[in-house]
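The values are calculated or read from the model by the stated rules, or taken from the named source; none is laboratory data. Everything numeric here is computed off the predicted structure, so don't read it as measured data. Cβ: placed from backbone, ideal geometry, glycine included. Neighbour counts: every protein chain shown.
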Amino acid sequence: MLQRLAKPAPQPPPARPLPGKRRPLMLAASVAVIALGAVGAWEVYGVATHQTPVLVMANDIPLGQVLQQQDLRTVAMGMDPSVQSFTAGQRSMVIGKRAAVDLRAGSLLAPSQITDSLVPAPGQVVVPVAVRVSQLPARGIQPGDRVVATVVLTDAQGQQARPADHPAQVDRVGQADADGLMVVDLLVPATDGTSLARQAASGKVALVLQSKAG
């Protein structure tokens, strides 16, 4: 008898990964993505909805003009805590103050942009004096400092004459240029302004810093 050819044994199907090993990882990743999206959406929503009523300019106001009720309006804005501003409830603190700078309609009003008094005050003038950095105290000078402007004069023959001293108060300090020359605005009595300006234009000026103690 012919022997029957033996049939090859059937091969088992390829093993499939157990679903239980992948599904928890995919589920955890999905939950993390959803959570991050929810946190981001919540932060955006918080920023967009947290708005504060603040004061902005309704009109253009030049330097020195007194602010009136009609010069201000209220706008709700999302404010960064580091931004200086006035809330709507502080309107009474602003009315009657003077503009310390030129104010433009639509701009946010900041505390540094208003003042109680106008500079120069009655009886004062502002005299710009050009000085070199080497003619200033090493510690520098700041607005509000009391100084003496000492002007070294020369006569017609170019000989040094007696220095002229002018007590003054620093109003503003400019930036030094490439040659080390800077402009300092000095507040002086109106009766002294013309002579200081004339002397400073023709002589050398040094500023002597006085004590703040009086």
Considering each of Q90, Q65, Q70, Q51 in turn, give the residue that is surrounded by fewer than 12 Cβ atoms within 10 Å (Cβ to Cβ), without any contact (Cβ under 8 Å) to a residue 60 or more places away in the chain and over 20 Å from the mean Cα position of the chain (by Cα).
Q70
Of these, V133, V127, V170, V147, which one is of a type in the set (A, V, I, L, M, F, W, C) and under 30 Å from F86 (Cβ atoms)?
V170
Segment 76-118, residues that are of a type in the set (D, E, K, R) and not in a strand (DSSP E or B)
D80, R91, K97, D102, R104, D116
Filter result (under 31 Å from the mean Cα position of the chain (by Cα), more than 13 Å from R132 (Cα to Cα) and modelled with pLDDT under 90) within segment 172-207:
R172
Report, by residue number, each residue of segment 119-147 that is not in a loop (DSSP other than H, G, I, E, B) and not β-branched (V, I, T).
Q124, P128, A130, R132, S134, Q135, R146
I need every pair where a residue in segment 118-130 that is touching a residue at least 24 places away in the same chain (Cβ under 8 Å) has its Cβ under 8 Å from the Cβ of a residue that is assigned to a loop (DSSP other than H, G, I, E, B), sequence separation at least 6 or different chains.
L118/G64; V126/V119; V126/P120
Go through (1) out of contact with any Gly (no Cβ under 7 Å at 6 or more places or on another chain); (2) closer than 30 Å to Q69 by Cα; (3) of a type outside the set (S, T, Y) one by one and return the number of the condition L118 breaks.
(1)
Check on G106, loosely packed, with under 14 Cβ neighbours inside 10 Å and outside the structural domain of P167 (by TED's automatic domain parsing)
yes
Of (1) within 30 Å of D177 (Cα to Cα); (2) in contact (Cβ under 8 Å) with a residue 60 or more places away in the chain, D102 fails just (2)
Could you tell me how many of the residues in segment 177-196 are surrounded by 14 or more Cβ atoms within 10 Å (Cβ to Cβ), under 17 Å from V119 (Cβ atoms) and among the small types (G, A, S)?
1
